[in-house]
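Enquirer: If you scroll down you'll find the structure; I have some questions about it.
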Amino acid sequence: MISPQPVTDLMWAHWKTRTMLSAVEVGVFTELAGTPLTGPALRDRLGLHPGPAADFFDALVALGLLVRADGRYANSPEAAEYLDANRPTTYLGGSFMTQCPGMADDLTRVLRTGRAVNEAENGRDFYRTMYAAAESVREFQKDMTALSMGPARAIAVKFPWEKYRSLADIGCAEGALPGHVLAHHPHLTAIGFDLPPARAGFLEYTGRLGVADRITFQEGDFFHDPLPSADVLVLGHVLHNWGRDEKLRLLRAAHEALPDGGAVLIYETLIDDERSSNAVGLILSLIMHSEVPGGFDYTGAECLDWLREAGFGQAYVEHLDGPESMVVGIK
């Protein structure tokens, strides 16, 4: 399998730059020039909202701009030299802000207010906006396919599909995950479960993969309708859109819908358990704060705890591709 990681890394570079620029704009590195600070102390001095602040600071750790020890944050040597505004002979932050005007505005606003951009600007929730028109639905579906391509192709070969006969992708978008899995495993059948406006894009994409005879689209809202019946239920880049209570609600619904021996397969850009190396996972959590009220990304250890709380007996985490991993729970 050819990994898309070299290509997607370039896209994530944009968000890494935005994260650094927001840190410059709110004064992280200048504030830390004097002494290391705890997360709450740094947050309060900068006037940041508690919601996204921890992910923001830990993303800067993962980017190599901060170091964290004994619960305190400090500048890395590079950040101390080049991003502290009190060092005028070496400071580069002002030039970066001039070269990239407005690039960090939305993220900085979320860091200060804790409110998702759509919610703050027009009171509309993310999904109502995305599913309001055919054009925006297709754009959103293609974005989800781009985010899911690496893990979908890895899951097709890493998960033990020979043990199962059917799967249902909950919040399927275009159907990249079930489409690629079915293309590798002719014994499987699949259901794509999503809101009604997703149907056309789903049928088009899975038709191009040549699996239309083994896959169906089922309309539904996973918070209001029963989940489909299948041996494996997939939740890909779904849980991170919601708060903890909603995450648990979906996992309990999956447990109820599965047969004994069935599996729930969750794939996400998991934050590493130490919250210090997977910058993309932490940045994606910041994006969730920016887009959907209550949403956040999480570690594999957190997800394992939620699976056990939802009733799953056996569960494990496995790396997939690039920054992506899967968490599997067995009923």
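Enquirer: Given the criteria free of Cβ contacts under 8 Å to residues at least 60 places away in the same chain and hydroxyl-bearing (Ser, Thr, Tyr), does residue 127 qualify?
Expert: So residue 127 does not fit the description; no.
Enquirer: Exactly one condition in (1) within 30 Å of residue 6 (Cα to Cα); (2) modelled with pLDDT of 95 or more is not met by residue 287; state its number.
Expert: The number of the failed condition is (2).
Enquirer: Please enumerate the residues belonging to the stretch 158-217 that are among the β-branched types (Val, Ile, Thr) and more than 22 Å from the chain's Cα centre (by Cα).
Expert: 189, 191, 206, 211, 215, 216
Enquirer: Which is on the phi > 0 side of the Ramachandran plot and outside any helix (DSSP H, G or I), of 132, 173?
Expert: 173
Enquirer: Would you pick out the residues in the stretch 29-45 that are free of Cβ contacts under 8 Å to residues at least 40 places away in the same chain and in a helix (DSSP H, G or I)?
Expert: 31, 39, 40, 41, 42, 43, 44, 45, listed by residue number.
Enquirer: What are the residues in the stretch 181-202 that are buried (at least 22 other Cβ atoms within 10 Å of the Cβ) and either among the aliphatic types (A, V, I, L, M) or over 24 Å from residue 134 (Cα atoms) (or both), if any?
Expert: Selection gives 181, 182, 188, 190, 191, 198.
Enquirer: When residues of the stretch 161-197 are filtered for being closer than 20 Å to residue 2 by Cα and out of contact with any helix residue (DSSP H, G or I) (no Cβ under 6 Å at 6 or more places or on another chain), how many remain?
Expert: 2
The values are calculated or read from the model by the stated rules, or taken from the named source; none is laboratory data. The shown structure was predicted, so the numbers you read here are calculated from the model rather than taken from an experiment. Ideal geometry is used to build each Cβ from the backbone, glycine not excepted, and the neighbour counts take in all protein chains shown.
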